[in-house]
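Remarks on the structure that follows.
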Amino acid sequence: MFQPCKADKPEDPATPLIEAHAGDPVRIHVIGANNEQNGMFSVEKHEWPIEPFMRGADVISVVEFSGSEILDAFLPSAGGPYRLPGDYVYSNQRLPYSQSGQWGYVRVLPAGDTRLLPLHGAGAGMKSASVEKPVQAIPVASK
């Protein structure tokens with residue numbers, strides 16, 4: 001699934017390159033391939049809410065996942081809170097897995113860069129919880 005880049009010929013790694021404009025929300029879907037040991041997913045210099053649809057939720061910068069488990073990291077702003085363009089490493093923070101190639105780049109392009117189409121106001125699969133109004137009983141007609 002993952003393959004490290006060539007040290008003698010620097011280029012983008014063979015792993016998926018995630019691209020976004022600075023400030024765009026990003027959703028990263030993480031799949032724990034079959035394994036008996038847990039991994040630790042992280043994106044360099046980024047934090048995201050542990051409960052993405054709950055107002056005031058704690059933010060995290062690394063999350064544990066196990067084999068056959070899936071999780072979503074909802075990054076509120078590509079480039080972190082300061083929306084800085086650049087390459088940020090996403091990886092399995094367990095060193096043996098990073099060394100074996102479980103890492104890649106989140107490439108944050110400057111806002112308006114034409115190499116990538118803009119989101120046009122769309123979010124990264126975000127939704128929000130809403131409170132429904134209580135159902136009103138139908139009054140019984142009196143005779």
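List of remarks:
- Magnitude of the charge dipole, region 18-109, Cβ model with Lys/Arg +1 and Asp/Glu -1, debye to 20: 220
- Length gained on full extension, I50 to D72, computed as 0.36 nm times the residue gap minus the Cα-Cα distance: 7.0 nm.
- Most positive-pole-ward Cα, A22, G32, G101, against dipole of region 18-109 from beta carbon charges: A22
- Amide N of region 67-89 lying under 15 Å from the label point, which is placed 7 angstrom from the Cα of D12 along Cα→Cβ: 86-89
Taken together, the values in this text are just the output of simple stated rules run on the coordinates, not laboratory data. All values reported here derive from a predicted model rather than from experimental measurement. Here Cβ is always computed from backbone atoms with ideal geometry, including for glycine, and neighbour counts include all displayed protein chains.
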